[in-house]
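In what follows, a structure is listed as structure tokens, so that the remarks can point back to it.
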Amino acid sequence: MAAFIGFTGAHAQNYDEAKVPAYTLPEILKTADGKVIDDVRSWEQKRRPEILTLFENNVYGQMPKAYDSLRYIVTNEVKNAMGGKAHLKEVTITAWKADKSVDIHLVLFVPNNIGKPAPAFLLINNRDKSNTDPTRAVKSDFWPAELAIENGYAIAAFQVDDAAPDNKDTYQEGVLQLYPGQLKAGNGMKAIGAWAWAAGRVMDYFQQDKDIDAGKVAIVGHSRGGKAALWAGAQDQRFALVFSNNSGNSGAALSRRRFGETVKKINDSFPHWFADNYREYNGNEAALPVDQHMLLALIAPRPVYVTSASEDLWADPKGSYLSLLHGQEVYDLYKKPSGLTPEPPAINSPIIKSYLGYHNREGKHNLTAYDWKNFMRFADYHFESKP
């Protein structure tokens with residue numbers, strides 16, 4: 001096995017392809033008892049649930065399904081926002097279980113005058129709420145609401161702290177108040193699971209909002225939010241498209257490459273993100289029963305789009321592309337065509353007309369207007385919302 005630069009200091013990560021260790025990926029289409037999967041029915045009934053459970057038990061934690069009730073209250077509404085182009089709704093989504101509740105605050109803009117329910121993008125916002133300012137006094141390329149409206153899409157967001165504060169000491173103060181047993185279990189969910197859970201509750205809301213085409217909702221996340229978007233898309237098949245931007249380790253990038261961020265580094269830095277069981281693989285990625293190509297495969301046959309940034313080696317652009325490439329075999333079962341090439345595409349050369357989409361944007365770790373424009377091109381292609 002090739003040598004790997006270990007973590008002897010804060011900046012000792014490997015950025016050298018020559019030092020990526022030799023690795024063997026777990027087989028997507030072979031069950032735990034050795035059966036080869038070669039048809040959709042066997043995938044959906046046997047192997048897919050098996051892989052989902054492996055991710056629950058070893059990486060992201062269980063995804064609780066039960067709650068007592070949901071309530072949706074529109075707390076603010078402006079029907080002629082953006083100079084009359086959009087309808088703003090601010091919605092509080094409250095979930096109850098036993099005597100506990102949690103509020104998810106949704107900001108939603110819907111295009112006016114399109115004459116039918118709108119397809120929608122939902123952002124898991126891992127940055128400050130100012131990025132999704134409903135007044136539009138502050139505008140950010142991180143969530144370019146005007147661009148979405150101009151292109152005929154609704155655009156929505158919730159901030160991760162509503163579901164689980166992104167803090168190792170306070171992450172329990174949200175969704176996990178409804179499920180305190182999760183905190184005691186080795187495979188209990190933590191913050192990333194809670195963010196994905198909250199995205200599902202927004203999807204519940206979309207299904208009863210007559211202005212939204214609930215069959216055409218795309219989930220979007222950047223960085224840690226991109227990890228949560230992939231997990232939400234794997235768990236909740238109501239999301240029609242999944243976009244993961246610069247999600248890196250434990251997101252789209254293959255863990256076994258140990259390029260940039262590693263499982264140990266992410267668990268040490270963010271102990272509140274993943275199930276406690278994930279720590280068992282610190283420095284021992286080869287023992288993981290899954291790798292991230294299997295997470296992308298769980299989204300099949302729905303389209304998925306992964307992005308990287310040329311200066312964001314920490315998030316392993318090549319490893320993210322390889323996850324797509326290796327996940328392709330499940331899309332092949334569904335006969336869903338791929339435009340992927342054996343080697344990653346050049347910088348700023350997006351792969352759009354494919355069920356597995358990708359681009360590596362020039363620049364740093366961020367979510368930009370360039371990314372969003374390609375998200376909308378990908379959605380246009382798959383939703384056939386443009387000629």
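Overview of results
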item: Unit charges on C-beta of K, R, D, E only; dipole of the stretch 257-387, Debye; result: 320 debye
item: Area accessible to solvent at residue 211, 1.4 Å probe radius, in Å²; result: 40 Å²
item: Within the stretch 296-362, GluC sites (Glu not before Pro) in DSSP loop having at most 14 other beta-carbon neighbours inside 10 Å; result: 311, 362
item: Estimated FRET transfer efficiency (residue 46, residue 346; beta-carbon r; R0 56 Å; 0.05); result: 0.90
item: Accessible-area order (highest first, 1.4 angstrom probe) of the listed residues 114, 37; result: 114, 37
item: Cα gyration tensor category, rounded, prolate or oblate, for the stretch 307-387 with a/c compared to 1.5; result: oblate
item: Dipole axis of the stretch 196-343 (+1 Lys, Arg; -1 Asp, Glu on Cβ), positive-most option in 255, 306, 337; result: 337
item: Net charge contributed by nearby residues that have their C-beta within less than 13 Å of residue 232 (K/R +1, D/E -1); result: +3
item: Lys/Arg +1, Asp/Glu -1 at C-beta; the stretch 114-206 dipole; positive extreme among 124, 152, 197; result: 197
item: Chymotrypsin sites (Phe, Trp or Tyr not before Pro) restricted to the stretch 51-141 and DSSP loop, no more than 12 other C-beta within 10 Å; result: none
item: In Hz, Karplus ³J(HN,Hα) per residue of the stretch 162-167 (6.51, -1.76, 1.60; θ = phi - 60°; x = Gly, Pro); result: 4, 8, 6, x, 7, 8
item: Loop-located trypsin sites (Lys or Arg not before Pro) in the stretch 167-247 whose Cβ has at most 14 other Cβ within 10 Å (DSSP); result: 168, 210
item: Stretchable slack from residue 100 to residue 287, in nm (0.36 nm times residue separation minus alpha-carbon distance); result: 63.5 nm
item: Under the Karplus curve 6.51 cos²θ - 1.76 cosθ + 1.60, θ = phi - 60°, whole-Hz ³J(HN,Hα) for the stretch 71-86, x wherever Gly or Pro sits; result: 9, 10, 10, 7, 8, 7, 8, 10, 7, 10, 5, 6, x, x, 7, 9
item: For residue 86, residues with placed amide H under 5 Å, excluding near neighbours; result: 81, 112
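The values are calculated or read from the model by the stated rules, or taken from the named source; none is laboratory data. Just so it is clear, the structure is predicted and the values come from calculations on it, not from any experiment. All Cβ positions, glycine included, derive from the backbone under ideal geometry; neighbour counts span all protein chains shown. The protein model used for the area step is the full one, side chains on, heavy atoms only, and it has no ligands, DNA or RNA in it. Shrake-Rupley method; radii C 1.70, N 1.55, O 1.52, S 1.80 Å.
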